[in-house]
């Protein structure tokens with residue numbers, strides 16, 4: 001009788017644990033919306049998440065982004081549960097997020113987003129880890145490289161290339177500037193109007209500002225029927241489909257709400273790249289201060305603004321309090337901001 005009770009207790013404990021873990025993993029999404037689940041898919045997804053949990057490695061960097069209670073300002077803004085990449089499992093948006101996203105570029109008569117996403121994930125991977133397997137890496141060091149003229153004659157190339165991930169954006173050139181900007185690129189953030197040809201092993205991270213941007217990915221990798229949005233765009237691109245990642249629209253709103261505090265019309269690619277890297281990377285790039293004196297001064301000026309400044313195209317720079325100096329450089333992002341600031345100090 002005692003043995004039977006123990007066995008029953010074990011079974012009940014296992015069932016409770018299984019239900020809890022299933023509920024946790026299936027609902028661990030910042031968008032908090034329902035997703036259609038099939039038994040086979042649910043089991044596979046649960047199995048994969050359990051594998052990641054078992055193999056999870058805490059950050060072993062000297063300075064870790066996830067470390068809390070170092071800055072209340074940072075802790076108020078950084079939400080590491082927000083998933084930066086769109087997947088088949090987190091694709092549905094809350095209505096307020098969707099309506100906000102639709103207003104970004106005032107697209108006229110957009111096609112149904114759910115249908116567009118279904119078609120998208122028939123072409124590109126829909127089962128990627130939204131954090132790019134960050135939990136399986138003890139210390140991932142990243143560099144975010146922008147298009148700033150501040151990088152000219154900087155000799156930062158080898159330093160940039162030493163990072164695990166090197167993120168670039170838009171039409172950032174490297175040819176002819178290797179000594180200053182490096183040769184390595186792991187991820188390149190673009191939207192259709194800013195696309196440039198990428199290397200074979202580079203992951204393209206599409207930042208969708210409108211529905212047709214998602215449709216363009218499908219078209220550009222298959223039929224080539226879309227060649228114009230509000231300007232001409234490449235009808236075909238040479239990017240391996242398995243190397244295409246999609247920036248989550250809800251993550252764009254998170255950047256706008258939490259980091260830009262609602263200033264401006266929408267975030268620039270620069271700040272989207274920086275905050276993206278904060279969620280998939282671990283450690284800050286800390287070059288010798290003597291080599292960075294001019295840029296450090298510019299960054300200090302940016303961080304001293306109590307209100308956001310204005311960059312090119314009237315977009316706001318990141319509003320950072322003086323108490324955070326040297327803020328992004330030393331602590332907030334734990335990311336190398338080489339060249340992201342641009343000539344006007346705007347992200």
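We did not get these values from a lab; they are worked out from the coordinates using the rules stated. If you're wondering where the values come from, they're calculated on a predicted model, not measured in any experiment. Here the Cβ positions follow ideal geometry from the backbone for every residue, glycine too, while neighbour counts run over all protein chains shown.
Quick look at the values:
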{"quantity": "Separation of alpha-carbon centers, region 168-198 and region 203-276, rounded to whole Å", "calculated": "15 Å"}
{"quantity": "Cβ crowding within 10 Å averaged over residues, with 125-134, 111-120, 240-249 ranked highest first", "calculated": "240-249, 125-134, 111-120"}
{"quantity": "Sites residue 197 and residue 258 - FRET efficiency at Förster radius 41 Å, r taken between beta-carbons, to 0.05", "calculated": "0.75"}
{"quantity": "Three-way shape call for region 115-200 based on the alpha-carbon gyration tensor, with the a/c threshold at 1.5", "calculated": "oblate"}
{"quantity": "Shape category assigned to region 64-130 from the gyration tensor of Cα positions, a/c cut at 1.5", "calculated": "oblate"}
{"quantity": "Spin-label zone in region 138-175 - amide nitrogen under 15 Å from a point set 7 Å from the Cα of residue 69 along the C-beta vector", "calculated": "none"}
{"quantity": "For region 182-271, share of DSSP beta bridges that run antiparallel, in % to the nearest 5", "calculated": "10 percent"}
{"quantity": "Length-normalised contact order of region 122-256 in % [C-alpha pairs under 8 Å, at least 6 apart]", "calculated": "21 percent"}
